[in-house]
Amino acid sequence: MATEQLDNTATSENNQQKRAGNADGNIAGPGSEAMLPIGGMTCASCVRRVERALQKVEGVQSVGVNLATERATIKYDPSLVTMDRLRTAVESAGYSVPMEEVLLPIEGMTCASCVGRVERSLAKLPGVERVGVNLATEQASVRFNPAMVGNDDFRIAVEKAGYALRASTEQGLATTEGESPVDRDMERRRKEVETLRRKFVTSLAVGVIIMAGMFLPTSWLPWAMQERYLAMFLLATPIQFWAGWTFYKGAWMAARHLTTNMNTLIAVGTSAAYLYSVFITFFPGAVSSAGLVPEAYYDTSTIIIGLILMGRYLEARAKGQTSEAIKKLMGLAPRTARVIRNDEEIDLPIEQVQVDDVIRVRPGDKVPVDGIVVEGRSSVDESMLTGESLPVEKEPGGSVIGATINKTGSFTFRATRVGKDTALAQIVKLVEEAQGSKAPIQRLADQISSYFVPVVLGLAALTFVLWYVVGPEPKFTLSLVSMIAVLIIACPCALGLATPTAIMVGTGKGAEHGVLIRGGEALEGAYKVNAIVLDKTGTLTRGKPAVTDLVATNGIGEQELLRLVASAERGSEHPLGEAIVARAGELGLSLAATDRFQAVAGHGIEATVEGRNLLIGNTRLMAANNIGLDGLSEQGAALAAQGKTPMYVAVDNKAGGLIAVADTLKPESPEAVRELQALGLEVWML
């Protein structure tokens, strides 16, 4: 059922429309949806400003900005909206749209008209901002939005123009450019996390030193307090303007557009503490003459910067770790495919496989893309998609899915879906959309936060005035500290950032364990659930078959039957054979050497063990070799009715017995179901 949903034709058409583009630079596709990376957002009020700016663009139908993923999901009319207009709207709000540049080596250009054709073809791609093609160097310089376009799109566009990317360089290009947006995003996040870690560790270390200098007894540090303040000034200044530069930059960008954000609160609060301390350091007499206590607060500004940067470091780590879920899903797909072209088998990067290519899959290989079997028979492990532990038999006309594993025979198939249209790519897309989704409560938080910062600034000013008017001495010092506390503690991002980060982590972890969550709205509504429907295989059961029954006949003992069959199956990669070998190992049976082994696709195996000819498989194998089952068929049917898989065994052309294998229950499943029922939930098995 899941596969049918993922094969949705509309989804495939929508992907093609997004790629198509148009000559005017519009982001292509009727009723299109685009993902736009946003740089510079730090809090929920930033989200609100970006959303308002994009909603003002004519032709934009809806906008959803996610702080955790740092992306905007935009639905728009492509006849009215261009990439340039969206980027301009984001920049006018004080933020940025990160762009990348890459050099593409073009093969086959001979004149200026070739240059024009390549430029026009690349310029039509969604997310491409600028293209410059140089005939002398045979290279195209492309500036693009990495969330909307990548190597595969560049290759297709160049080939449509009648040229090619140089094959010898294309793989190298993929590594330098990052090939997938996930790789590029992870590398960017890794650098961000490393920078934040370095800054917060340095800030806290300096803050501890400054604090020690302020509170250690005079006998330990025999400097005059004025000299201590000067030393603290030298230590605190780099932290204020190096580590804290990100706050000043964010506050300035907001101020330019007559708005405020979290950076404003931190910049104002720490600057107040720092500048007052500087005044104390260099003009202590002026402070004393005004009747104030000349006490510096370098430790306050430094440690506040360190603690807030540590919080951002932890947030950035959480964001980065959830990208691993996407990367693991993408890692299921093989890197290359054995394609048959011009009666010759060649190994090509998976990105170069095209629809209608004929591909050979050997035993043990992963199926590279989705397609239809044209020749050969085999059994394919589809557990990565369906969770079913038993391989599915494939024959001509049967469908195969990318990233599944071929177990036994060899076959060829015709590719029907490649790249972004494969089932695995659609799963990755669903997980990405879920991670970027916005819960209803988050929309409320974003709206509140847009008014929150100005209110906090007003309250901080009011706090200062009230303490200064009615507070105890030293009035100015206590007023300043109280104002700083209000500015720093009243951060509008607790809900605004925690909610999208929680959605990212939750959906990412779920995907790692095979659980796909539709998005934030589904998570938020989960408390209303009153019934749970569980799949059996891999959920309630182990997802791995085990021997459950042994039936021996014609004078053969059960353990002897198991030993002979396990000896024959020892080299098998089939899960049923592996289960039999595992059971023989548990009983300590000594296995014999196999003199002859042959797999019969769709039927079973033939083998010779210790001079005895064995047939192991289904009733069709027995019938094909004229083996009478001597009443075993009725027992096999009864076992099959219990959900078990019976395998019949013939020894020297006579029925020897049968072995039943089934996916057994996990030990913890009964307790888990009881706990769910204790919560008042109905539990069903599908």
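The values are calculated or read from the model by the stated rules, or taken from the named source; none is laboratory data. Treat the numbers as computed from the prediction; the structure is a model and nothing was measured. As a convention, Cβ positions derive from the backbone with ideal geometry for all residues, glycine included, and neighbour counts pool all protein chains shown. Just the protein is used for accessible areas: all its heavy atoms, side chains included, with ligands, DNA and RNA removed. Shrake-Rupley method; radii C 1.70, N 1.55, O 1.52, S 1.80 Å.
A single member of VAL63, VAL57 is closer than 12 Å to GLU33 by Cβ, open to solvent by 10 Å² or more (accessible area, probe 1.4 Å) and in contact with a helix residue (DSSP H, G or I) (Cβ under 6 Å, 6 or more places away or on another chain), and it is VAL63.
Within segment 227-245, work out how many residues are open to solvent by 30 Å² or more (accessible area, probe 1.4 Å) and β-branched (Val, Ile, Thr).
First, pick out the residues of segment 227-245 that are open to solvent by 30 Å² or more (accessible area, probe 1.4 Å): 227, 230-231, 233-235, 237-238, 241-242, 245.
Still in the list and also β-branched (Val, Ile, Thr): 237.
Total meeting the criteria: 1.
Quick check on ARG197: is it in contact with a Phe, Trp or Tyr (Cβ under 7 Å, 6 or more places away or on another chain), at pLDDT 75 or above and open to solvent by 30 Å² or more (accessible area, probe 1.4 Å)? The answer is yes for ARG197. A count restricted to segment 641-686 and to residues that are in contact with a strand residue (DSSP E or B) (Cβ under 8 Å, 6 or more places away or on another chain) and within 20 Å of LEU561 (Cα to Cα) stands at 18. Of all residues in segment 520-562, those satisfying the criterion of being under 30 Å from ILE627 (Cβ atoms) and surrounded by fewer than 15 Cβ atoms within 10 Å (Cβ to Cβ) are ASN554, GLY555, GLY557, GLU558, GLN559. Considering segment 34-135, the qualifying helices (runs of 4 or more DSSP H), each wholly inside and each with 2 or more residues that are within 28 Å of ALA254 (Cα to Cα) and without any contact (Cβ under 8 Å) to a residue 60 or more places away in the chain, run over 44-55, 83-92.
Considering segment 563-578 alone, what residues qualify as being among the small types (Gly, Ala, Ser) and open to solvent by 50 Å² or more (accessible area, probe 1.4 Å)?
Filtering segment 563-578 for residues among the small types (Gly, Ala, Ser) gives 566-568, 571-572, 577.
Result: GLY571, single match.
Restricting ALA592, ALA655 to those that are in contact (Cβ under 8 Å) with a residue 24 or more places away in the chain, on the phi < 0 side of the Ramachandran plot and in a strand (DSSP E or B) reduces the list to ALA655.
I'd like to know if segment 485-495 contains one or more residues that are more than 30 Å from LEU540 (Cα to Cα) and modelled with pLDDT of 80 or more.
Of all residues in segment 485-495, those more than 30 Å from LEU540 (Cα to Cα) come to 485-495.
Filter once more, so that each one left must be modelled with pLDDT of 80 or more: 486.
Yes, there is a match, as at least one residue in segment 485-495 is more than 30 Å from LEU540 (Cα to Cα) and modelled with pLDDT of 80 or more.
When segment 600-628 is filtered for residues that are of a type outside the set (Gly, Ala, Ser) and farther than 21 Å from VAL661 by Cβ, the ones remaining, listed by number, are THR608, GLU610, ARG612, ASN613, ASN625, ASN626. For ARG166, the test of being in contact with a Pro (Cβ under 7 Å, 6 or more places away or on another chain) and either more than 30 Å from ALA273 (Cβ to Cβ) or modelled with pLDDT of 85 or more (or both) is passed.
Cβ separations smaller than 6 Å between residues 6+ apart or across chains give the following pairs from segment 269-293 residues that are under 20 Å from PRO472 (Cα atoms) to residues that are at pLDDT 85 or above: ALA273/SER301. Would you point out the residue of segment 595-607, among those that are open to solvent by less than 50 Å² (accessible area, probe 1.4 Å) and assigned to a strand (DSSP E or B), that is nearest to ARG362 (Cα to Cα)? Only one residue tops the list, namely VAL600.
Would you point out the residue of segment 579-589, among those that are within 41 Å of the chain's Cα centre (by Cα) and in contact (Cβ under 8 Å) with a residue 24 or more places away in the chain, that is surrounded by the most Cβ atoms within 10 Å (Cβ to Cβ)? Selected residue: ILE580.
Every listed requirement among (1) loosely packed, with under 15 Cβ neighbours inside 10 Å; (2) more than 22 Å from ASP535 (Cβ to Cβ) is met by LEU629 save one, (1). The one condition from (1) modelled with pLDDT of 90 or more; (2) under 28 Å from the mean Cα position of the chain (by Cα) that LYS438 does not meet is (1). Might you let me know whether segment 548-567 holds any residue that is touching a Phe, Trp or Tyr at 6+ places or on another chain (Cβ under 7 Å) and either over 24 Å from SER379 (Cα atoms) or modelled with pLDDT under 90 (or both)? Scanning segment 548-567, I find no residue that is touching a Phe, Trp or Tyr at 6+ places or on another chain (Cβ under 7 Å) and either over 24 Å from SER379 (Cα atoms) or modelled with pLDDT under 90 (or both), so the answer is no.
Identify all residues within segment 652-671 that are under 30 Å from the mean Cα position of the chain (by Cα) and exposed (fewer than 14 other Cβ atoms within 10 Å of the Cβ); write none if there are none. Spell out the reasoning first.
In the first step, residues of segment 652-671 are kept if they are under 30 Å from the mean Cα position of the chain (by Cα); the result is 666, 668-669.
GLU668, the sole residue that qualifies.
Yes/no matrix, rows are residues, columns are (1) without any contact (Cβ under 8 Å) to a residue 12 or more places away in the chain; (2) open to solvent by 60 Å² or more (accessible area, probe 1.4 Å):
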residue	(1), (2)
ILE346	yes, no
GLN354	no, yes
GLY364	no, no
SER379	no, no
LEU385	no, no
GLU395	no, yes
GLY402	no, no
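Any residue in segment 547-557 that is part of a helix (DSSP H, G or I), under 45 Å from the mean Cα position of the chain (by Cα) and not small (Gly, Ala, Ser)? No: zero hits.
Mind listing just one residue for me: the one in segment 251-271 that is hydroxyl-bearing (Ser, Thr, Tyr) and over 20 Å from ARG52 (Cα atoms) and, of those, surrounded by the most Cβ atoms within 10 Å (Cβ to Cβ)? Checking each candidate, the answer is THR270.
Residues considered: TYR274, TYR248. Of these, the only one that is part of a helix (DSSP H, G or I), modelled with pLDDT of 85 or more and open to solvent by 20 Å² or more (accessible area, probe 1.4 Å) is TYR248.
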